[in-house]
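Visitor: First the structure, which I've put down as structure tokens, then a few questions once you've had a look.
The values are calculated or read from the model by the stated rules, or taken from the named source; none is laboratory data. Note that the structure is predicted; figures quoted are calculated from it, not measured. All Cβ positions, even for glycine, are placed from backbone atoms using ideal geometry, and neighbour counts span all protein chains on display.
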Number of protein chains: 2
Amino acid sequence: MNNVTIKDIARICKVGVSTVSRAINNDTGISEETRNRILETVKKYHYVPNTSARNLGAAETNTIAVLVYSVTNIFFSSMYGMFQTELEKKGYDYILHSVKDTQDIVAEGIRLVKEKRLKGIIFLGGWIDPTKMRLEDIPVPYVFCTVYQDIELPKSDSASVGIDDIEEGRRIVEYLIERGHTRIAIIGGVEGDRATGAGRLRGYREALEGAGIPVDERLIRHMKKNLEEFTAKNGYAVCKELLETGLEFTALFCVSDLTAVGAYRAIYESGRRIPDDISVVGFDGIELGDYIEPPITTMHQPRDQMVIETVRVLTGMIDGTSRAEQVVLKADLLERASTRRL
Amino acid sequence: MNNVTIKDIARICKVGVSTVSRAINNDTGISEETRNRILETVKKYHYVPNTSARNLGAAETNTIAVLVYSVTNIFFSSMYGMFQTELEKKGYDYILHSVKDTQDIVAEGIRLVKEKRLKGIIFLGGWIDPTKMRLEDIPVPYVFCTVYQDIELPKSDSASVGIDDIEEGRRIVEYLIERGHTRIAIIGGVEGDRATGAGRLRGYREALEGAGIPVDERLIRHMKKNLEEFTAKNGYAVCKELLETGLEFTALFCVSDLTAVGAYRAIYESGRRIPDDISVVGFDGIELGDYIEPPITTMHQPRDQMVIETVRVLTGMIDGTSRAEQVVLKADLLERASTRRL
């Protein structure tokens, strides 16, 4: 054990503390030579580059936890690195903790606060029921990021950052309708889902109803409960069944891009082409969507901005400089090659 | 706060403790009715279903940390959920902590042990240098899972679980050679990489040399350092450049499946077909590989077995019932539609 601080390193290297921080965090704005000199000094003096290391043994920690549903979901996992970067920039240490579908994410958060002495919580993904979950018992500031609050329930006044799933789901279906599609199928979340999948499905219904197109319930399909939700595997299984019904449709809305990857395969296996026979749209805007064949038209969620806003709101609440804000961001419709005009 | 234990729940429900555990962990082997009855009781009595909750306030915790390089890498992120399940089965609490490329993963592990009072560490991904990193200072049992130990360096006797990247890289290139390919390009890790990418590249060289095929250094390509490693975006950029050189090749080995997804796009954009003009093989065996067009021939890493073995070795070391084992697992060659015989 030693007690070398970031200030000691700065003094030894004859630079400012922020320069040392930049070297450690591999940020831009310093020369390669300075960076190397600082990192060598860090190594030589066994400096442990983290603010919370100074809290060893003390009751206080400086940790924020990200609690995530569906830890393997590619959309969420693409956010982890950026959460870490943003939290560390503000001097917080970070842990990621996954929660199962069967667990009460709020109860799990309360447990973790006590066990890990958290300063704050970011809830990522999933769905909360403010009438049943003990939000008022969470003893630290928290923000819901991309967490869906059931539209049938009284809205919680908790801090939140996300998009409007109903609105954005409606927009992408309107895009299809504007291009002449009226027979539009959807692969939504699991049956009885009340999370993001449900919001996007409601948007689908609103778009059709708004355009005076009757909703054909047979074209509304749900992901299978026995497979992981929002995966290619699930999308494949559901789309295959849909195609086997022989129901006619010219467009398909998959409520996640990864689900659409599976739907692509089912469509190809049936001998159909995209977009010639079926136009396909996704949702999320994961990087992969630009590389699959054909690249997919999708609603791109402002992922980076979501992370930045979430960290801003949460750290502001911890510092006492801001209130529990509810930030609603816009998604971008990315038009690519998987859709055509009828 | 309350002090309801798992035993109380079992007594109230008139079932065994293991049945309660199964209900909470959503395991198989109990009826839906029993599960529902138990979960209702759990809710009613506000039971906090985690062993470490009983340690509140005590110095001891029961936490194991997974420290991961490249937290957003789809291959690793697909393992998180299973690590959690396996660790919880054995009564451990779990946190996931990501480490940046610029950080010393061992130093970060040592810091976390002190701060979070860990019982053990799983290092996931990346590369270690046993001659420079202070392995002997890690105060708790640890296992390297899929961590690459530089082949040029003396082998550490730390516990490890993984595949032999050289051997498996060699096997998939031999598969191409057996099918008549001699002009085989490779997209390896970044230049100067000494981790898994380097091992697979060495396997590529060994396969060619073993078959008496001269190695054409121009066909050896490296991922770009300014893009995230092992991503579709990186594979796309590198493959596009390779195709623009006009060099002739009939097969391409991408050292990760996701990299291959990007290579697919570059190949399509150049007007070539897979496998008619270029056979492509990947590595990892991510779920997605079965859904892209065409499904990719790849080396499937025994991901689930890796998780199970890692947890087995680590918890055995914590309990004092096993030594630091070095487990080398075999990968499976999955033959799909992206390769053809010349």
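Visitor: Only one residue in A:Arg340, A:Arg312 is basic (Lys, Arg) and assigned to a loop (DSSP other than H, G, I, E, B). Which one?
Guide: A:Arg340
Visitor: So A:Phe249 fits all but one of (1) of a type in the set (A, V, I, L, M, F, W, C); (2) out of contact with any Lys or Arg (no Cβ under 6 Å at 6 or more places or on another chain); (3) surrounded by fewer than 24 Cβ atoms within 10 Å (Cβ to Cβ); what number is the exception?
Guide: (2)
Visitor: Conditions first: (1) in contact (Cβ under 8 Å) with a residue 24 or more places away in the chain; (2) surrounded by 18 or more Cβ atoms within 10 Å (Cβ to Cβ). A:Ser77 passes all but one, so which condition is the exception?
Guide: (1)
Visitor: Could we say that A:Ser98 is within 27 Å of B:Thr102 (Cβ to Cβ) and either outside any loop (DSSP other than H, G, I, E, B) or touching a helix residue (DSSP H, G or I) at 6+ places or on another chain (Cβ under 9 Å) (or both) here? Steps first, please.
Guide: On the way: within 27 Å of B:Thr102 (Cβ to Cβ): yes; either outside any loop (DSSP other than H, G, I, E, B) or touching a helix residue (DSSP H, G or I) at 6+ places or on another chain (Cβ under 9 Å) (or both): yes.
Answer is yes for this residue.
Visitor: Checking A:Thr298 against (1) part of a helix (DSSP H, G or I); (2) under 20 Å from A:Leu329 (Cβ atoms): exactly one of these is not met. Which one?
Guide: With respect to (1) part of a helix (DSSP H, G or I); (2) under 20 Å from A:Leu329 (Cβ atoms), A:Thr298 is out only on (1).
Visitor: I need the full set of residues from region A:67-95 which are out of contact with any His (no Cβ under 7 Å at 6 or more places or on another chain), of a type outside the set (D, E, K, R) and within 21 Å of A:Met317 (Cβ to Cβ), in order please.
Guide: Scanning region A:67-95 gives A:Val68, A:Met79, A:Met82, A:Phe83, A:Gln84, A:Thr85, A:Leu87, A:Gly91, A:Tyr92, A:Tyr94.
Visitor: Tell me the residue from B:Ile95, B:Ile74, B:Ile64, B:Ile38 that is within 30 Å of B:Leu288 (Cβ to Cβ), more than 8 Å from chain A (Cβ to nearest Cβ) and modelled with pLDDT of 80 or more, please.
Guide: Details: B:Ile95 fails: more than 8 Å from chain A (Cβ to nearest Cβ); B:Ile74 fails: more than 8 Å from chain A (Cβ to nearest Cβ); B:Ile38 fails: within 30 Å of B:Leu288 (Cβ to Cβ).
Within the list B:Ile95, B:Ile74, B:Ile64, B:Ile38, the selection yields B:Ile64.
Visitor: To continue, here is another question. Limited to region A:217-259, what total is found for residues that are touching a residue at least 60 places away in the same chain (Cβ under 8 Å), closer than 18 Å to A:Glu191 by Cα and within 11 Å of chain B (Cβ to nearest Cβ)?
Guide: 2
Visitor: Hey, does region B:166-176 have a residue that's among the hydroxyl-bearing types (Ser, Thr, Tyr) and either outside the structural domain of B:Ile286 (by TED's automatic domain parsing) or in a helix (DSSP H, G or I) (or both)?
Guide: Yes, the conditions are met somewhere in region B:166-176.
Visitor: Any residue in region A:321-333 that's in a strand (DSSP E or B) and surrounded by 15 or more Cβ atoms within 10 Å (Cβ to Cβ): show its pairings with residues that are modelled with pLDDT of 95 or more and basic (Lys, Arg) at Cβ separation under 7 Å, as long as the two are six or more apart or on different chains.
Guide: A:Leu333/A:Arg171
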